[in-house]
1. Just going by the charge dipole of the protein assembly as shown, with Lys and Arg at +1 and Asp and Glu at -1 on Cβ, which of A:L109, B:A173, B:F42 is farthest out on the positive end?
2. For a protection proxy built on the mean count of beta-carbon atoms within 10 angstrom, sort B:39-51, B:106-118, A:229-241 highest first, please.
3. With equal scatterers on the alpha carbons only and no solvent term, can you work out the Debye log10 of I(q)/I(0) for chain A at 0.07, 0.08, 0.10 1/Å?
4. Counting helices only, and only those DSSP H runs with n ≥ 4, report the 222 nm mean residue ellipticity of the protein assembly as shown as the sum of -39,500 (n - 2.57) divided by its residues, in deg cm²/dmol to the nearest 500.
5. Determine the dipole magnitude for chain A: charges of +1 sit on the beta-carbon of Lys and Arg, -1 on that of Asp and Glu, nothing else is charged, the reference point is the Cα centre, and the result goes in debye to the nearest 20.
6. Average the reciprocal distances over every distinct pair of alpha-carbons in the stretch A:92-214, invert the result, and give the Kirkwood radius in Å.
7. How well do other chains shield peptide B:136-146, expressed as the mean number of their Cβ atoms within 10 Å of each residue Cβ?
8. Contour minus end-to-end for A:E149 and A:N136, with contour as 0.36 nm per residue of separation and end-to-end as the Cα-Cα distance?
Amino acid sequence: MENAITSEKPVAQDDKKGEPVIIVEHLKKNFGEKVVLSDFNLIVNKGESMVVMGRSGIGKTVLIKCIIGLLKPDGGTLKVFGKDISKITRRDLDLLRLNIGFVFQSSALYDSMTIRQNLEFPLRRQKIKPMKGDLNKLVRESLISVGLENTIDLMPSELSGGMRKRIGIARSLILKPEIVLYDEPTTGLDPITSKEIINLIMDLQHQSNTTSIIITHDVELAKQASNHIVFVMDGIAYMQGTYEELVKTEDPKVKPFFE
Amino acid sequence: MIKQNKAKKAFLSETLDPFFVSAAQLAQFGWRSIREAVYPPFEFQETFRQCYLIGVNSFPLVGFTGLILGLVLVLQSQPTLVEFGAGSYLPAMSSISIIREVGPLVTALICAGKIGSGISAEIGSMKVTEQIDAMEVSGTNPFKFLVATRIMACMLMIPILCIYADMLALMGAFLGTNITGTINFNFFFNRVFEALHFTDVFPSFIKTFIFGFAIGLVGCTKGYHSQNGTEGVGMSANESVVVAMLSVIVIDLVVTQISGMLGYI
Ligand SMILES: Nc1ncnc2c1ncn2[C@@H]1O[C@H](COP(=O)(O)OP(=O)(O)OP(=O)(O)O)[C@@H](O)[C@H]1O
Ligand SMILES: [Mg+2]
């Protein structure tokens with residue numbers, strides 16, 4: 001632990017990126033007897049991309065589900081854009097969520113809708129609905145960005161797992177949110193597609209200064225897309241730092257991840 | 001002795017707990033759906049889509065059942081009525097029994113099976129595959145979008161399906177009377193409508209709305225509380241049919257009692 005930057009110290013001071021947009025303080029979450037997060041602290045600044053790593057079943061998905069309000073924390077505070085997620089009204093939460101993209105680990109495409117309808121869904125849920133022509137254009141553009149423009153009229157059940165994953169990413173990005181939470185965006189993809197997705201994530205970050213939290217086991221993704229990496233363990237942010245810092249660590253629990 | 005008591009207690013809580021849990025869930029869902037349905041934004045498009053799906057899928061089955069029901073009713077009761085010299089009461093008897101009781105009840109029971117299980121399975125599988133969560137993060141209130149619309153659709157469509165079943169059942173009754181003796185179409189239906197009064201039609205029409213609400217509510221509640229992956233979806237669909245059918249029968253009893261007390265008999 002000597003060379004680790006622990007969670008007590010504020011993150012990303014060296015980054016000239018901007019004010020914090022996600023602040024997680026003393027977050028607790030348990031399911032019955034099972035404690036998943038015990039005292040989790042994390043700050044993500046504007047324009048930063050934070051990679052979350054850790055063993056399977058350690059609570060990474062639980063963490064980002066708490067951030068977007070799908071799970072109710074058992075303690076601690078969670079602020080997104082300065083608003084306390086567990087205290088705001090339903091309507092404000094819905095508005096806030098339009099500004100946050102969430103890529104599900106399981107893709108979570110709507111089975112009863114075609115790919116086009118899946119992508120149109122978030123667009124149609126906005127206060128000001130786009131015109132029909134714009135709708136078409138946006139859907140096409142986002143499909144092209146994930147390289148699946150010819151699946152537009154298929155049903156989700158006709159796609160492979162990796163294709164579904166990419167549609168899930170396209171759907172989360174279609175509203176051009178300021179924050180994107182990716183749950184294992186490249187898992188199950190071949191190296192070439194995976195590279196394309198990494199490029200997509202990085203482009204987005206550079207073009208629109210998106211803030212992102214990326215859960216991944218993919219070292220390549222962590223290396224290329226991260227400003228910071230947080231390593232989750234025993235319910236806390238066990239270790240934080242840049243990719244270069246974590247690669248050099250001698251901690252026996254973290255080291256295997258970067259070999 | 002203590003052990004026995006404990007076992008008894010465990011048995012009681014095992015059988016009663018699910019009942020109370022499910023009753024509490026239904027009450028909470030019922031209240032919430034009423035509350036959310038009256039506040040904008042309204043999901044008209046989705047409600048219409050659901051009405052269409054419910055209607056299109058159920059009209060053939062409900063119609064066919066209604067027709068056979070009317071036919072059988074007449075075929076079974078005709079000999080007895082004729083024996084007592086009351087053959088001319090046949091149209092009146094069939095209209096009152098079909099419109100007041102048999103038509104709505106049988107339609108609601110069929111819908112409890114067909115529509116209730118469908119809703120529950122659909123919402124349940126959306127729940128376990130995180131599609132409901134995905135809606136939620138798109139800034140959509142899934143309760144409004146999925147639950148309130150389906151309950152509304154059931155409340156609109158089940159009365160219509162009941163009327164449709166009643167009509168076909170009366171046609172069946174006409175066919176039944178026509179098999180043995182020939183009876184004029186106009187004459188038969190004149191007698192049918194002569195026998196009907198507002199006090200017969202009104203309670204049974206109100207009843208169908210309540211049936212619709214109950215079927216939609218049970219289907220949605222059971223689906224929404226599905227757990228344990230795909231296995232749980234099957235279980236909740238099954239439960240929803242049982243609970244919906246029971247509620248239909250209980251509602252039927254209660255409404256009949258109340259309308260009796262109000263003098264609608
Ligand atoms: N709804 C739930 N009910 C009960 N336990 C849950 C629930 N969701 C998650 N858990 C538990 O929380 C723990 C953390 O789960 P989580 O999905 O966050 O893991 P993860 O770090 O994302 O793992 P992976 O890399 O495999 O996706 C798991 O041990 C799981 O058993
Ligand atoms: Mg996970």
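1. My answer, from the dipole projection, is B:A173.
2. On the way: B:39-51: 14.4, B:106-118: 23.7, A:229-241: 21.5.
Highest to lowest by the protection proxy: B:106-118, A:229-241, B:39-51.
3. Ignoring solvent entirely, the Cα scatterers give -0.24, -0.31, -0.49.
4. Values: 18 runs with 298 residues, N = 524.
Rounded to the nearest 500, it is -19000 deg cm²/dmol.
5. On the way: 35 positive and 34 negative charges, 236 e Å.
Computed charge dipole of chain A: roughly 1140 debye.
6. It works out to 14.5 Å.
7. On the way: counts 7, 17, 16, 14, 7, 5, 0, 1, 0, 2, 0.
That works out to 6 on average.
8. On the way: separation 13, 0.36 × 13 = 4.68 nm, distance 1.18 nm.
Extra length from A:E149 to A:N136 when fully extended: 3.5 nm.
No value in this document is a laboratory result; all are computed from the given coordinates. Since the structure is predicted, the reported quantities are computational estimates derived from the model, not experimental observations. Cβ: placed from backbone, ideal geometry, glycine included. Neighbour counts: every protein chain shown.
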